[in-house]
Amino acid sequence: MQERYIATVDLGTSKLALCVAKISGENVQIIYYKERPSDGIRYNCVFNPMKAAVPLKAAIKEAEDELQIKILQVVVGLPRYSVRQESASANIDRSDPSAIISDDEINSLKSIALDTYPLKDSDKNIIYGAVPQSFAIDDIIGSEEDVVGTCSDKLSGNFKFFVGAKRVVRNIDIMMNNAGVALAQAIFTPVAVGEAVLKNDETINGVALIEMGAGVTSLSIYQGGILRYFASIPFGGKSITTDIRLECAFDDTLAENVKLAFGACLPDKLQTMSDKVLQINDEENGTYEHLSVKYLSEIITSRCKEIVQAMLYLIQESGFADRLRCGIVLTGGGANLVNLINLIKEESGYNVRVGFPLARKFSSDGCPGIGEAEAAASVGMVLEAAADPYLNCIEEAAARKADAPAADEASGTEKEEEPVRTTIFDDDEIEKVIVKTPRRTRTPRQPRPQREPKTGGLHILWKKIGNALESGFDGVLGNLYDDMGKNNEEEQ
């Protein structure tokens with residue numbers, strides 16, 4: 001059985017994770033997983049493609065050297081923030097009512113819904129993903145499994161589309177060009193994360209999946225085995241770090257290190273640890289400061305309560321609050337925060353567990369970190385991409401490139417090498433994007449010159465999550481948005 005390889009990149013606000021898996025039939029073996037600090041990414045969105053390409057290129061080079069392979073294309077996750085959900089439907093009249101309904105007809109119905117759905121502004125928006133909600137034949141409404149194998153003269157389906165900014169996807173495309181690697185697939189990560197960490201009985205009986213990253217915390221609700229609802233807010237682990245930095249007058253690095261080493265929620269439940277005092281030495285001035293672990297916990301708890309209450313409000317808004325029989329699953333890097341699980345239990349009353357990648361779905365001999373909650377998105381993208389039997393990020397692409405000169409030599413002609421396609425947009429669209437980027441030139445079918453990354457960046461703070469949430473947050477999250485800047489209004 002021929003082996004193939006899949007490489008995925010998880011673009012996070014604070015980290016970039018590169019994962020490589022070997023696929024043999026239905027067996028998925030993850031052979032490489034490493035994280036490094038990211039750049040040019042805010043709120044899970046690439047806002048500076050040139051900066052974002054630098055750590056990506058370094059990560060790919062490190063993986064190639066360690067595995068002795070050549071990575072020519074990667075699978076990338078789409079942003080989780082600033083995504084709205086919309087409902088759509090499609091119908092088909094079947095030519096042969098006596099023929100059974102097949103999976104191909106279901107896929108055709110989904111394609112029809114995607115092709116005919118009227119985006120309000122197709123120049124600015126793009127559909128990140130589509131999830132079937134229900135199908136109908138005659139007077140019967142059910143899931144895909146219910147209708148496949150039945151007979152009917154008509155078939156209709158209801159779908160949920162997740163729509164995001166086209167500009168953000170273009171930035172991913174440009175970043176990939178600058179990193180010198182092709183884009184194999186762009187995956188809507190909430191679906192992939194659910195595949196990686198949720199058990200089958202949880203998705204059927206109802207569960208709320210909360211993924212807490214550095215810049216974004218998102219909510220995905222499953223019921224009946226289907227993703228029913230998705231929403232996100234622009235707050236996460238980095239917001240906690242910022243609170244520590246501002247309150248204690250630390251720099252970002254020190255604030256992050258203190259959070260990782262001593263951070264915890266619920267100071268009243270720290271027992272003897274709450275009496276400890278940290279001594280922070282300033283090597284430059286030879287001075288030191290004292291920080292109580294209890295006070296540090298109070299800072300962290302305050303922000304965590306706001307994030308948790310925001311998630312609980314969204315759960316109520318979804319209409320599934322009373323149908324979550326399996327409670328809440330918390331995943332992402334924020335799941336490692338001490339006592340956060342207990343805080344969610346106290347605030348919500350649901351059963352809560354940490355969502356680690358399910359080991360039964362893959363193997364990972366000698367891959368440290370792949371079983372942790374922060375690796376859920378990488379594992380999920382591998383499992384999602386492995387479903388495509390023709391996807392190979394390494395061997396097939398390399399073989400085509402190696403065989404091309406031999407074929408030209410045999411024919412006695414010299415043929416210009418076809419460039420590897422690294423975009424998901426048409427060439428003319430990419431040209432328009434590149435023209436709008438200052439101080440960048442591009443000759444058709446020529447590699448883009450390397451530039452040193454610019455320094456600095458745009459400090460983005462959101463003023464509000466959205467008008468849809470505004471009325472419901474009074475008194476609960478009021479101070480969550482008071483200090484938000486106006487810069488993001490221009491970015492949107």
Within the stretch 62-151, trypsin sites (Lys or Arg not before Pro) in DSSP loop having at most 14 other beta-carbon neighbours inside 10 Å: K70, K120, K124
For the stretch 179-338, alpha-carbon Rg and Dmax in angstrom: 18.9, 61
With eigenvalues of the C-alpha gyration tensor scaled by 5 and rooted, the stretch 80-194, Å: 33, 15, 13
Amide H within-cut-off set for L155, under 5 Å, with H built and near neighbours excluded: I92, R94
Label-to-label distance, nm, for residues given as Q271 and L246 (7 Å Cα→Cβ offset): 3.4 nm
Where only C-alpha atoms are counted, convex hull volume of the stretch 257-376 per residue in Å³: 151 Å³
The stretch 42-112 - Rg and Dmax from Cα coordinates, angstrom: 21.4, 58
Full-stretch length increase - I140, N342 - with 0.36 nm per residue and alpha-carbon distance subtracted: 68.4 nm
Relative packing of 269-281, 153-165, which averages over residues the other C-beta atoms within 10 Å, highest first: 153-165, 269-281
Angstrom value of the Kirkwood radius, inverse mean 1/r, which spans all Cα pairs in the stretch 1-78: 13.1 Å
Rg ratio (alpha-carbon, reference 2.2 N^0.38 Å) - the stretch 182-231: 1.21
Rg(Cα) / (2.2 N^0.38 Å) computed for the stretch 1-152, rounded to two decimals: 1.41
Computed P(r) (all Cα pairs; the stretch 332-380; 5 Å bins; percent): 4, 20, 25, 19, 15, 11, 5, 2
Scattering profile of the stretch 197-259 at q = 0.19, 0.20, 0.25 Å⁻¹ [log10 I(q)/I(0), Debye over alpha-carbon scatterers]: -0.70, -0.73, -0.91
Size-normalised alpha-carbon gyration radius of the stretch 282-328, reference 2.2 N^0.38 Å: 2.01
J(HN,Hα) series, the stretch 300-317, from Karplus relation 6.51 cos²θ - 1.76 cosθ + 1.60, nearest Hz, glycine and proline x: 5, 4, 4, 5, 5, 4, 4, 5, 5, 5, 5, 5, 5, 5, 5, 4, 5, 5
In order through the stretch 191-201: 3J(HN,Hα) via Karplus (6.51 cos²θ - 1.76 cosθ + 1.60), integer Hz, x for Gly, Pro: 5, 5, 5, x, 4, 7, 10, 8, 7, 4, 5
Reciprocal of mean inverse Cα separation for the stretch 314-353 (Kirkwood radius, Å): 10.9 Å
Of the GluC sites (Glu not before Pro) in the stretch 1-86, those whose Cβ has at most 13 other Cβ within 10 Å and which sit in DSSP loop: E3, E26
Sequence-distant residues sharing a close amide H with Y128 (under 5 Å, placed H): F162, V163, G164
Carbon/sulfur fraction of accessible area - the stretch 1-133, other protein chains in place, 1.4 Å, %: 46 percent
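The values are calculated or read from the model by the stated rules, or taken from the named source; none is laboratory data. What you see is a predicted model; the values in this text were computed from it and never measured. For neighbour counting, all protein chains shown are included, and Cβ atoms are generated from backbone atoms with ideal geometry for every residue, glycine included. With ligands, DNA and RNA removed, areas are computed over all heavy atoms of the protein, side chains included. Shrake-Rupley method; radii C 1.70, N 1.55, O 1.52, S 1.80 Å.
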